[in-house]
1. For segment A:1-55, which whole-number percentage of the solvent-accessible area (1.4 Å probe, protein heavy atoms only) is attributable to carbon and sulfur atoms?
2. Ordered by residue, what ³J(HN,Hα) values in Hz, to whole numbers, does segment B:315-321 give under the Karplus form 6.51 cos²θ - 1.76 cosθ + 1.60, where θ = phi - 60° and Gly and Pro are x?
3. Of the heavy-atom accessible surface of segment B:56-192 (probe 1.4 angstrom), what whole percent is carbon and sulfur?
4. Can you work out the base-10 log of I(q)/I(0) for segment B:245-361 at q = 0.11, 0.12, 0.17 1/Å, using the Debye formula on its C-alpha atoms alone?
5. Past the 21 angstrom mark, what percentage of all C-alpha to C-alpha distances in segment A:35-177 do you count?
6. Once amide H atoms are built 1.01 Å from N in the peptide plane, which residues 5 or more positions from A:Leu92, or in another chain, come under 5 Å H to H?
7. What are the aspartates and glutamates whose alpha-carbon lies under 16 Å from the alpha-carbon of B:Lys207, with same-chain residues fewer than 8 places away excluded?
8. Within 10 Å of each Cβ of B:167-178, how many other protein chain Cβ atoms are there on average?
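The values are calculated or read from the model by the stated rules, or taken from the named source; none is laboratory data. These numbers were taken from a predicted model, which means no experiment stands behind them. Note that we place each Cβ from the backbone using ideal geometry, even for glycine, and neighbour counts take in every protein chain shown. Note: areas computed on protein heavy atoms with side chains; ligands, DNA, RNA excluded. Shrake-Rupley method; radii C 1.70, N 1.55, O 1.52, S 1.80 Å.
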Amino acid sequence: MTSRILIAGFGGQGILFAGKQLAGCAMHKGRHVSWLPSYGPEMRGGSASCSVIISDKEIGSPIISQPDILIAFNYPSFLRFEPSVSEGGLILANSSLIGSKSERDDISAHYIPATEIATAEGLDGSVNVIMLGYLLYVTRLFDYDEFIGSFLSGIPASKSALIEGNKKALRLGYEYR
Amino acid sequence: MSRKMLMKGNEAIAEAAICCGCLYFFGYPITPQSEISEYMAKRLPQVGGLCLQAESEVAAINMVLGAAASGVRVMTSSSSPGVSLMSEGISYLVGSDLPCLICNIQRGGPGLGGIQPAQQDYLQATKAAGHGDLHLYVVAPASVHEMAGLVCRAFDVADTYRIPALLLADGALGQMMEPVDFDTALSDRRNLPKKDWSASGHGGRRKKNVVNSLYLSPDELERSVLARQERYSIIESSEVLFEEADAGDAEIIIVAYGISARICKSAIEAARAIGIRVGLIRPITLWPYPKAALGRAAEHARHFLVVELNTGQMVDDVKLATGSRRPVSFFGRCGGMLPTPEDVLAEIIKIHDNIRSEGVLA
(Lines give C-alpha, C1' and ligand atoms only; values in the text may rest on other atoms or scores of the structure.)
Protein backbone atom coordinates (compact mmCIF):
# COMPACT_ATOMS: atom_id res chain seq x y z
CA MET A 1 0.00 0.00 0.00
CA THR A 2 1.44 3.34 -1.08
CA SER A 3 -0.08 6.78 -0.50
CA ARG A 4 1.21 9.64 -2.61
CA ILE A 5 0.15 12.90 -1.01
CA LEU A 6 0.65 16.30 -2.60
CA ILE A 7 0.12 19.36 -0.40
CA ALA A 8 0.04 22.73 -2.12
CA GLY A 9 -0.79 26.33 -1.36
CA PHE A 10 0.74 29.75 -0.60
CA GLY A 11 4.13 30.08 1.04
CA GLY A 12 3.35 30.89 4.69
CA GLN A 13 0.33 28.58 4.99
CA GLY A 14 2.44 25.87 6.61
CA ILE A 15 2.44 23.53 3.63
CA LEU A 16 5.88 22.04 4.30
CA PHE A 17 5.16 21.75 8.02
CA ALA A 18 1.92 19.86 7.38
CA GLY A 19 3.76 17.42 5.12
CA LYS A 20 6.44 16.92 7.71
CA GLN A 21 3.85 15.96 10.34
CA LEU A 22 2.42 13.27 8.05
CA ALA A 23 5.89 11.96 7.22
CA GLY A 24 6.89 11.98 10.88
CA CYS A 25 3.84 10.02 12.00
CA ALA A 26 4.33 7.47 9.22
CA MET A 27 7.98 7.06 10.24
CA HIS A 28 6.99 6.48 13.89
CA LYS A 29 4.67 3.75 12.63
CA GLY A 30 7.60 2.07 10.88
CA ARG A 31 6.44 2.88 7.35
CA HIS A 32 8.75 3.93 4.55
CA VAL A 33 8.41 7.62 3.91
CA SER A 34 9.79 10.45 1.79
CA TRP A 35 9.14 14.20 1.96
CA LEU A 36 10.19 16.41 -0.91
CA PRO A 37 9.59 20.17 -0.83
CA SER A 38 9.36 22.51 -3.75
CA TYR A 39 12.28 24.84 -3.29
CA GLY A 40 13.41 27.87 -5.14
CA PRO A 41 13.12 31.62 -4.84
CA GLU A 42 10.10 30.98 -2.57
CA MET A 43 8.51 33.63 -0.44
CA ARG A 44 5.48 34.27 1.71
CA GLY A 45 2.55 34.53 -0.68
CA GLY A 46 4.34 32.67 -3.48
CA SER A 47 3.54 29.06 -4.28
CA ALA A 48 4.70 26.21 -2.07
CA SER A 49 4.15 22.49 -2.29
CA CYS A 50 5.51 19.27 -0.91
CA SER A 51 5.25 15.62 -1.88
CA VAL A 52 4.88 13.00 0.83
CA ILE A 53 5.01 9.30 -0.01
CA ILE A 54 4.07 6.74 2.62
CA SER A 55 4.56 3.10 1.72
CA ASP A 56 4.98 -0.44 3.02
CA LYS A 57 7.95 -0.92 0.71
CA GLU A 58 11.07 0.97 -0.23
CA ILE A 59 10.26 4.21 -2.03
CA GLY A 60 11.66 4.72 -5.52
CA SER A 61 11.08 8.13 -6.99
CA PRO A 62 10.19 10.70 -4.30
CA ILE A 63 8.60 12.85 -6.99
CA ILE A 64 4.82 12.65 -7.37
CA SER A 65 3.36 13.18 -10.82
CA GLN A 66 -0.09 11.73 -10.02
CA PRO A 67 -1.07 12.17 -6.37
CA ASP A 68 -3.52 9.80 -4.68
CA ILE A 69 -4.39 12.60 -2.29
CA LEU A 70 -4.23 16.31 -3.12
CA ILE A 71 -4.55 18.79 -0.25
CA ALA A 72 -5.14 22.14 -1.93
CA PHE A 73 -4.85 25.21 0.27
CA ASN A 74 -5.55 27.84 -2.40
CA TYR A 75 -7.10 28.32 -5.81
CA PRO A 76 -3.91 28.37 -7.95
CA SER A 77 -2.85 25.00 -6.45
CA PHE A 78 -6.31 23.56 -7.02
CA LEU A 79 -6.26 24.67 -10.67
CA ARG A 80 -2.77 23.37 -11.23
CA PHE A 81 -2.95 19.97 -9.54
CA GLU A 82 -6.62 18.91 -9.69
CA PRO A 83 -6.24 17.38 -13.17
CA SER A 84 -3.22 15.31 -12.07
CA VAL A 85 -4.93 13.45 -9.22
CA SER A 86 -4.93 9.71 -9.95
CA GLU A 87 -8.14 7.92 -10.85
CA GLY A 88 -9.97 6.94 -7.69
CA GLY A 89 -7.99 9.58 -5.82
CA LEU A 90 -9.04 12.19 -3.33
CA ILE A 91 -8.99 15.97 -3.12
CA LEU A 92 -9.26 17.98 0.09
CA ALA A 93 -9.80 21.62 -0.70
CA ASN A 94 -9.77 24.74 1.45
CA SER A 95 -13.08 26.14 0.21
CA SER A 96 -12.44 29.53 1.86
CA LEU A 97 -9.96 30.25 -0.93
CA ILE A 98 -11.19 27.84 -3.60
CA GLY A 99 -14.47 29.00 -5.10
CA SER A 100 -15.01 26.25 -7.65
CA LYS A 101 -15.51 22.51 -7.28
CA SER A 102 -13.93 19.62 -9.08
CA GLU A 103 -15.99 18.42 -12.02
CA ARG A 104 -14.21 15.08 -12.23
CA ASP A 105 -16.38 12.03 -11.53
CA ASP A 106 -13.50 9.57 -11.11
CA ILE A 107 -12.23 11.08 -7.85
CA SER A 108 -13.83 12.18 -4.61
CA ALA A 109 -13.52 15.77 -3.47
CA HIS A 110 -14.13 17.17 -0.01
CA TYR A 111 -14.34 20.82 0.95
CA ILE A 112 -13.67 22.59 4.23
CA PRO A 113 -13.62 26.38 4.79
CA ALA A 114 -10.39 26.05 6.77
CA THR A 115 -9.30 29.69 6.58
CA GLU A 116 -12.70 30.92 7.82
CA ILE A 117 -12.70 28.38 10.65
CA ALA A 118 -9.19 29.42 11.66
CA THR A 119 -10.10 33.13 11.68
CA ALA A 120 -13.34 32.58 13.62
CA GLU A 121 -11.49 30.58 16.27
CA GLY A 122 -8.53 32.95 16.57
CA LEU A 123 -6.20 30.36 15.03
CA ASP A 124 -5.00 32.33 12.03
CA GLY A 125 -1.73 30.48 11.63
CA SER A 126 -3.29 27.03 11.93
CA VAL A 127 -5.09 26.51 8.62
CA ASN A 128 -2.61 23.72 7.91
CA VAL A 129 -3.42 21.85 11.13
CA ILE A 130 -7.16 22.19 10.49
CA MET A 131 -6.59 20.65 7.05
CA LEU A 132 -4.61 17.81 8.66
CA GLY A 133 -7.48 17.14 11.08
CA TYR A 134 -9.89 17.00 8.16
CA LEU A 135 -7.54 14.65 6.31
CA LEU A 136 -7.54 12.28 9.28
CA TYR A 137 -11.35 12.32 9.37
CA VAL A 138 -11.81 11.77 5.63
CA THR A 139 -9.03 9.24 4.98
CA ARG A 140 -8.36 7.55 8.34
CA LEU A 141 -4.73 7.63 7.18
CA PHE A 142 -3.71 7.56 10.84
CA ASP A 143 -5.57 7.00 14.06
CA TYR A 144 -6.35 10.39 15.63
CA ASP A 145 -4.60 9.73 18.95
CA GLU A 146 -1.62 8.16 17.26
CA PHE A 147 -1.25 11.20 15.01
CA ILE A 148 -1.60 13.76 17.78
CA GLY A 149 0.99 11.88 19.84
CA SER A 150 3.50 12.02 17.01
CA PHE A 151 2.59 15.64 16.22
CA LEU A 152 3.01 16.91 19.79
CA SER A 153 6.26 15.00 20.29
CA GLY A 154 7.76 17.22 17.60
CA ILE A 155 6.95 20.48 19.39
CA PRO A 156 9.98 21.58 21.42
CA ALA A 157 9.59 22.58 25.08
CA SER A 158 10.39 26.19 24.17
CA LYS A 159 7.21 26.29 22.09
CA SER A 160 4.90 24.45 24.49
CA ALA A 161 2.57 27.48 24.39
CA LEU A 162 1.59 26.33 20.89
CA ILE A 163 0.32 22.92 22.00
CA GLU A 164 -3.21 23.92 22.98
CA GLY A 165 -3.87 25.90 19.78
CA ASN A 166 -2.63 23.05 17.61
CA LYS A 167 -4.72 20.48 19.46
CA LYS A 168 -7.77 22.69 19.04
CA ALA A 169 -7.10 23.23 15.33
CA LEU A 170 -6.62 19.52 14.68
CA ARG A 171 -9.87 18.75 16.51
CA LEU A 172 -11.79 21.44 14.55
CA GLY A 173 -10.71 19.90 11.25
CA TYR A 174 -11.36 16.37 12.44
CA GLU A 175 -14.88 17.18 13.60
CA TYR A 176 -15.91 19.34 10.62
CA ARG A 177 -18.91 17.95 8.74
CA MET B 1 17.69 1.40 20.45
CA SER B 2 17.96 2.96 17.04
CA ARG B 3 18.11 6.67 16.49
CA LYS B 4 15.71 7.00 13.58
CA MET B 5 15.20 10.61 12.65
CA LEU B 6 13.33 12.39 9.88
CA MET B 7 15.92 14.65 8.30
CA LYS B 8 16.83 16.48 5.16
CA GLY B 9 19.72 14.99 3.20
CA ASN B 10 21.75 18.12 3.85
CA GLU B 11 21.17 17.88 7.61
CA ALA B 12 22.02 14.17 7.60
CA ILE B 13 25.36 14.93 5.93
CA ALA B 14 26.20 17.47 8.61
CA GLU B 15 25.12 15.30 11.54
CA ALA B 16 26.92 12.26 10.16
CA ALA B 17 30.11 14.26 9.72
CA ILE B 18 30.01 15.44 13.34
CA CYS B 19 29.23 11.90 14.55
CA CYS B 20 32.33 10.59 12.84
CA GLY B 21 34.62 13.20 14.28
CA CYS B 22 34.59 16.10 11.84
CA LEU B 23 34.74 19.21 14.02
CA TYR B 24 35.77 21.72 11.37
CA PHE B 25 33.62 23.12 8.59
CA PHE B 26 34.47 25.93 6.19
CA GLY B 27 32.02 26.99 3.54
CA TYR B 28 30.08 29.63 1.73
CA PRO B 29 26.28 29.47 1.37
CA ILE B 30 24.65 28.45 -1.89
CA THR B 31 21.30 26.87 -2.75
CA PRO B 32 20.52 23.97 -2.57
CA GLN B 33 23.10 22.98 0.08
CA SER B 34 22.85 25.83 2.61
CA GLU B 35 21.31 23.62 5.31
CA ILE B 36 24.71 21.93 5.69
CA SER B 37 26.44 25.11 6.80
CA GLU B 38 23.36 26.20 8.76
CA TYR B 39 23.42 22.91 10.70
CA MET B 40 27.16 23.11 11.23
CA ALA B 41 26.94 26.72 12.45
CA LYS B 42 24.47 25.62 15.11
CA ARG B 43 25.95 22.29 16.15
CA LEU B 44 29.72 22.60 15.87
CA PRO B 45 30.15 25.21 18.63
CA GLN B 46 28.10 22.92 20.93
CA VAL B 47 30.60 20.08 20.46
CA GLY B 48 33.78 22.15 20.65
CA GLY B 49 34.22 22.50 16.90
CA LEU B 50 34.48 25.40 14.52
CA CYS B 51 32.19 26.44 11.68
CA LEU B 52 33.43 29.39 9.68
CA GLN B 53 31.66 31.13 6.84
CA ALA B 54 34.46 32.12 4.50
CA GLU B 55 34.40 35.14 2.21
CA SER B 56 34.22 32.87 -0.83
CA GLU B 57 34.47 29.26 -1.93
CA VAL B 58 38.10 29.90 -2.88
CA ALA B 59 38.86 30.91 0.70
CA ALA B 60 36.81 28.05 2.13
CA ILE B 61 38.69 25.32 0.28
CA ASN B 62 42.03 26.83 1.28
CA MET B 63 40.91 26.88 4.92
CA VAL B 64 40.07 23.20 4.47
CA LEU B 65 43.60 22.67 3.18
CA GLY B 66 45.10 24.37 6.21
CA ALA B 67 42.98 22.43 8.67
CA ALA B 68 43.64 19.12 6.88
CA ALA B 69 47.38 19.83 6.96
CA SER B 70 47.16 20.12 10.73
CA GLY B 71 45.72 16.59 10.86
CA VAL B 72 42.08 17.24 11.80
CA ARG B 73 38.99 15.89 10.09
CA VAL B 74 37.56 18.73 8.02
CA MET B 75 34.97 19.30 5.35
CA THR B 76 33.35 21.85 3.09
CA SER B 77 30.23 21.81 0.99
CA SER B 78 28.88 23.74 -1.92
CA SER B 79 26.84 23.41 -5.07
CA SER B 80 27.99 23.29 -8.66
CA PRO B 81 29.27 26.86 -9.37
CA GLY B 82 30.88 26.97 -5.93
CA VAL B 83 32.67 23.68 -6.50
CA SER B 84 34.09 25.03 -9.77
CA LEU B 85 35.58 27.89 -7.76
CA MET B 86 37.17 25.35 -5.42
CA SER B 87 38.92 23.36 -8.13
CA GLU B 88 42.32 25.02 -7.67
CA GLY B 89 42.26 24.30 -3.95
CA ILE B 90 41.10 20.73 -4.57
CA SER B 91 44.11 20.15 -6.80
CA TYR B 92 46.40 21.59 -4.10
CA LEU B 93 44.81 19.24 -1.54
CA VAL B 94 45.53 16.28 -3.83
CA GLY B 95 49.07 17.50 -4.49
CA SER B 96 49.63 17.84 -0.76
CA ASP B 97 48.18 14.34 -0.11
CA LEU B 98 45.58 15.70 2.29
CA PRO B 99 42.35 13.96 3.29
CA CYS B 100 39.10 15.90 3.54
CA LEU B 101 35.47 15.71 2.47
CA ILE B 102 33.93 17.98 -0.14
CA CYS B 103 30.16 17.82 -0.77
CA ASN B 104 28.64 18.93 -4.04
CA ILE B 105 24.84 19.18 -3.85
CA GLN B 106 24.48 19.73 -7.57
CA ARG B 107 22.22 22.24 -9.30
CA GLY B 108 21.64 22.90 -12.97
CA GLY B 109 24.46 24.38 -15.04
CA PRO B 110 26.56 25.60 -16.75
CA GLY B 111 27.38 28.99 -15.31
CA LEU B 112 25.25 30.18 -12.45
CA GLY B 113 22.64 27.91 -14.04
CA GLY B 114 19.61 27.27 -11.88
CA ILE B 115 18.92 25.99 -8.39
CA GLN B 116 16.95 22.84 -9.15
CA PRO B 117 18.45 19.31 -8.97
CA ALA B 118 20.90 18.16 -11.66
CA GLN B 119 23.75 15.71 -12.20
CA GLN B 120 25.64 17.87 -14.64
CA ASP B 121 28.93 17.73 -12.70
CA TYR B 122 29.62 14.01 -13.23
CA LEU B 123 32.58 14.55 -15.54
CA GLN B 124 34.01 17.29 -13.33
CA ALA B 125 33.73 15.06 -10.26
CA THR B 126 35.12 11.90 -11.82
CA LYS B 127 37.62 13.15 -14.42
CA ALA B 128 38.64 16.72 -13.83
CA ALA B 129 38.04 17.99 -10.32
CA GLY B 130 41.22 20.04 -10.72
CA HIS B 131 44.41 20.22 -12.76
CA GLY B 132 47.07 17.54 -12.67
CA ASP B 133 46.74 13.75 -12.69
CA LEU B 134 44.19 13.38 -9.97
CA HIS B 135 41.22 11.47 -8.70
CA LEU B 136 38.92 12.04 -5.80
CA TYR B 137 37.08 9.23 -4.05
CA VAL B 138 33.59 10.06 -5.36
CA VAL B 139 30.48 8.68 -3.67
CA ALA B 140 26.92 9.17 -4.95
CA PRO B 141 24.22 8.40 -2.36
CA ALA B 142 20.64 7.68 -3.41
CA SER B 143 18.84 8.17 -0.09
CA VAL B 144 19.15 10.28 3.02
CA HIS B 145 20.11 7.23 5.09
CA GLU B 146 22.82 6.34 2.59
CA MET B 147 24.09 9.92 2.61
CA ALA B 148 24.90 9.57 6.30
CA GLY B 149 26.72 6.28 5.82
CA LEU B 150 28.70 7.49 2.83
CA VAL B 151 29.90 10.58 4.69
CA CYS B 152 31.53 8.27 7.20
CA ARG B 153 32.90 5.96 4.52
CA ALA B 154 34.26 8.89 2.47
CA PHE B 155 36.11 10.31 5.48
CA ASP B 156 37.62 6.90 6.28
CA VAL B 157 38.75 6.25 2.71
CA ALA B 158 40.18 9.78 2.51
CA ASP B 159 42.18 9.21 5.70
CA THR B 160 43.33 5.73 4.67
CA TYR B 161 44.76 6.84 1.34
CA ARG B 162 45.44 10.52 2.02
CA ILE B 163 43.18 11.81 -0.73
CA PRO B 164 40.21 14.17 -0.74
CA ALA B 165 36.77 12.55 -1.03
CA LEU B 166 33.80 14.05 -2.80
CA LEU B 167 30.17 13.35 -1.98
CA LEU B 168 28.20 14.02 -5.15
CA ALA B 169 24.46 14.46 -4.59
CA ASP B 170 21.84 16.81 -6.00
CA GLY B 171 19.26 19.34 -4.88
CA ALA B 172 16.49 16.77 -4.51
CA LEU B 173 18.49 14.51 -2.19
CA GLY B 174 19.78 17.51 -0.26
CA GLN B 175 16.32 18.98 0.25
CA MET B 176 14.24 15.85 0.78
CA MET B 177 13.51 14.32 4.16
CA GLU B 178 13.62 10.61 4.88
CA PRO B 179 14.19 8.55 8.00
CA VAL B 180 17.85 8.09 8.82
CA ASP B 181 19.15 5.72 11.46
CA PHE B 182 22.58 6.95 12.48
CA ASP B 183 23.43 3.86 14.50
CA THR B 184 23.22 1.57 11.48
CA ALA B 185 24.38 4.18 8.95
CA LEU B 186 27.60 4.84 10.86
CA SER B 187 28.29 1.33 12.11
CA ASP B 188 30.95 0.47 9.53
CA ARG B 189 34.12 2.04 10.89
CA ARG B 190 37.70 1.11 10.17
CA ASN B 191 41.06 1.43 11.89
CA LEU B 192 42.82 4.42 10.46
CA PRO B 193 46.53 5.12 10.12
CA LYS B 194 48.04 7.74 12.44
CA LYS B 195 48.47 11.13 10.79
CA ASP B 196 52.19 11.25 11.54
CA TRP B 197 52.66 13.51 8.50
CA SER B 198 50.57 16.37 9.89
CA ALA B 199 51.95 19.83 10.56
CA SER B 200 50.47 20.11 14.01
CA GLY B 201 53.31 21.30 16.20
CA HIS B 202 55.55 18.94 18.19
CA GLY B 203 57.72 21.12 20.41
CA GLY B 204 60.97 20.30 18.56
CA ARG B 205 60.78 16.57 19.35
CA ARG B 206 61.23 15.41 15.76
CA LYS B 207 62.16 16.57 12.29
CA LYS B 208 59.58 19.03 11.03
CA ASN B 209 56.78 17.88 8.71
CA VAL B 210 56.22 19.89 5.55
CA VAL B 211 52.87 19.84 3.72
CA ASN B 212 53.30 21.17 0.22
CA SER B 213 52.27 20.60 -3.39
CA LEU B 214 55.19 22.37 -5.06
CA TYR B 215 58.01 20.22 -6.50
CA LEU B 216 60.45 22.18 -8.63
CA SER B 217 62.44 19.07 -9.45
CA PRO B 218 60.59 17.15 -12.19
CA ASP B 219 61.83 13.70 -11.17
CA GLU B 220 60.72 14.29 -7.60
CA LEU B 221 57.30 15.48 -8.84
CA GLU B 222 56.98 12.48 -11.12
CA ARG B 223 57.78 10.16 -8.20
CA SER B 224 55.08 11.78 -6.07
CA VAL B 225 52.52 11.50 -8.90
CA LEU B 226 53.38 7.83 -9.51
CA ALA B 227 53.25 7.03 -5.80
CA ARG B 228 49.74 8.51 -5.72
CA GLN B 229 48.77 6.45 -8.78
CA GLU B 230 49.77 3.32 -6.87
CA ARG B 231 47.37 4.29 -4.11
CA TYR B 232 44.70 4.93 -6.74
CA SER B 233 45.23 1.37 -8.03
CA ILE B 234 44.60 -0.04 -4.55
CA ILE B 235 41.46 2.08 -4.26
CA GLU B 236 40.24 0.83 -7.65
CA SER B 237 40.65 -2.77 -6.55
CA SER B 238 39.27 -2.49 -3.02
CA GLU B 239 36.96 0.49 -2.53
CA VAL B 240 34.33 0.07 -5.27
CA LEU B 241 30.70 0.20 -4.17
CA PHE B 242 27.62 -0.49 -6.27
CA GLU B 243 24.10 -1.88 -5.98
CA GLU B 244 22.51 -4.41 -8.30
CA ALA B 245 18.73 -4.74 -8.40
CA ASP B 246 16.85 -7.21 -10.61
CA ALA B 247 19.98 -7.42 -12.76
CA GLY B 248 20.51 -11.20 -12.76
CA ASP B 249 18.05 -12.12 -15.53
CA ALA B 250 17.80 -8.69 -17.12
CA GLU B 251 17.80 -8.15 -20.88
CA ILE B 252 17.99 -4.42 -20.35
CA ILE B 253 20.29 -2.97 -17.70
CA ILE B 254 19.76 0.58 -16.56
CA VAL B 255 22.84 2.31 -15.21
CA ALA B 256 21.97 5.25 -12.98
CA TYR B 257 23.21 6.81 -9.73
CA GLY B 258 21.78 9.09 -7.05
CA ILE B 259 18.26 10.46 -7.49
CA SER B 260 18.09 9.14 -11.08
CA ALA B 261 18.48 5.59 -9.78
CA ARG B 262 15.47 6.16 -7.51
CA ILE B 263 13.34 7.28 -10.45
CA CYS B 264 14.57 4.27 -12.45
CA LYS B 265 13.66 1.84 -9.65
CA SER B 266 10.03 2.98 -9.89
CA ALA B 267 10.16 2.58 -13.68
CA ILE B 268 11.73 -0.90 -13.37
CA GLU B 269 8.98 -2.02 -11.01
CA ALA B 270 6.36 -0.91 -13.55
CA ALA B 271 8.27 -2.56 -16.44
CA ARG B 272 8.62 -5.85 -14.55
CA ALA B 273 4.86 -5.77 -13.91
CA ILE B 274 4.30 -5.90 -17.68
CA GLY B 275 6.84 -8.67 -18.18
CA ILE B 276 9.91 -6.75 -19.32
CA ARG B 277 13.12 -8.12 -17.84
CA VAL B 278 14.95 -4.96 -16.84
CA GLY B 279 17.36 -4.38 -13.97
CA LEU B 280 19.53 -1.72 -12.41
CA ILE B 281 23.21 -1.32 -11.72
CA ARG B 282 23.68 1.68 -9.48
CA PRO B 283 27.24 2.90 -9.09
CA ILE B 284 27.64 4.10 -5.50
CA THR B 285 31.26 5.04 -6.04
CA LEU B 286 31.58 7.02 -9.28
CA TRP B 287 35.35 6.87 -8.91
CA PRO B 288 36.45 4.15 -8.64
CA TYR B 289 33.84 3.00 -11.15
CA PRO B 290 32.18 -0.45 -10.86
CA LYS B 291 33.72 -1.66 -14.12
CA ALA B 292 33.74 -5.34 -13.23
CA ALA B 293 30.03 -5.42 -12.35
CA LEU B 294 29.14 -3.81 -15.67
CA GLY B 295 31.49 -6.16 -17.52
CA ARG B 296 29.75 -9.16 -15.95
CA ALA B 297 26.32 -7.78 -16.83
CA ALA B 298 27.40 -7.40 -20.46
CA GLU B 299 27.65 -11.21 -20.60
CA HIS B 300 23.88 -11.60 -20.50
CA ALA B 301 22.21 -8.22 -20.99
CA ARG B 302 21.21 -7.19 -24.51
CA HIS B 303 21.13 -3.44 -23.98
CA PHE B 304 22.40 -0.80 -21.53
CA LEU B 305 20.42 2.34 -20.81
CA VAL B 306 22.14 5.19 -18.98
CA VAL B 307 19.80 7.56 -17.14
CA GLU B 308 21.16 10.80 -15.71
CA LEU B 309 20.13 14.38 -15.04
CA ASN B 310 22.51 15.62 -17.71
CA THR B 311 23.10 15.03 -21.42
CA GLY B 312 24.92 11.71 -21.14
CA GLN B 313 28.13 12.27 -19.19
CA MET B 314 28.41 8.68 -17.88
CA VAL B 315 27.77 6.96 -21.23
CA ASP B 316 31.48 6.65 -22.09
CA ASP B 317 32.23 5.01 -18.73
CA VAL B 318 29.55 2.39 -19.40
CA LYS B 319 30.90 1.78 -22.92
CA LEU B 320 34.42 1.31 -21.55
CA ALA B 321 33.30 -0.96 -18.72
CA THR B 322 31.25 -3.17 -21.05
CA GLY B 323 33.86 -3.09 -23.82
CA SER B 324 31.08 -1.74 -26.07
CA ARG B 325 29.88 -5.34 -26.46
CA ARG B 326 26.25 -4.20 -26.20
CA PRO B 327 24.46 -1.08 -27.38
CA VAL B 328 24.49 1.73 -24.82
CA SER B 329 21.79 4.38 -25.11
CA PHE B 330 20.96 7.40 -23.02
CA PHE B 331 17.91 9.04 -21.53
CA GLY B 332 17.92 12.10 -19.32
CA ARG B 333 16.77 15.58 -18.52
CA CYS B 334 18.94 18.48 -17.43
CA GLY B 335 18.93 22.04 -16.20
CA GLY B 336 16.85 21.16 -13.14
CA MET B 337 14.18 19.11 -14.95
CA LEU B 338 13.47 15.63 -13.59
CA PRO B 339 12.13 12.75 -15.67
CA THR B 340 9.14 10.87 -14.26
CA PRO B 341 9.18 7.09 -13.83
CA GLU B 342 6.64 7.03 -16.72
CA ASP B 343 9.18 8.79 -18.98
CA VAL B 344 11.81 6.16 -18.16
CA LEU B 345 9.26 3.37 -18.58
CA ALA B 346 8.43 4.64 -22.09
CA GLU B 347 12.15 4.50 -22.93
CA ILE B 348 12.40 0.94 -21.57
CA ILE B 349 9.41 -0.15 -23.67
CA LYS B 350 10.95 1.42 -26.78
CA ILE B 351 14.20 -0.50 -26.23
CA HIS B 352 12.30 -3.69 -25.46
CA ASP B 353 10.30 -3.39 -28.68
CA ASN B 354 13.51 -2.82 -30.65
CA ILE B 355 15.11 -5.93 -29.17
CA ARG B 356 11.98 -7.94 -30.04
CA SER B 357 11.88 -6.71 -33.65
CA GLU B 358 15.61 -7.46 -34.07
CA GLY B 359 14.88 -10.94 -32.76
CA VAL B 360 12.20 -11.38 -35.42
CA LEU B 361 14.56 -10.19 -38.16
CA ALA B 362 17.31 -12.52 -36.95
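1. 59 percent
2. 4, 4, 5, 5, 4, 5, 5
3. Working: 1940 of 3580 Å².
Its accessible area is 54 percent carbon and sulfur atoms.
4. Here log10 of I(q) over I(0) equals -0.31, -0.37, -0.76.
5. 48 percent
6. A:Leu70, A:Ile71, A:Ala72, A:His110
7. Counting by Cα, and skipping residues close in sequence, B:Lys207 has these aspartates and glutamates nearby: B:Asp196.
8. Average per residue, whole number: 4.
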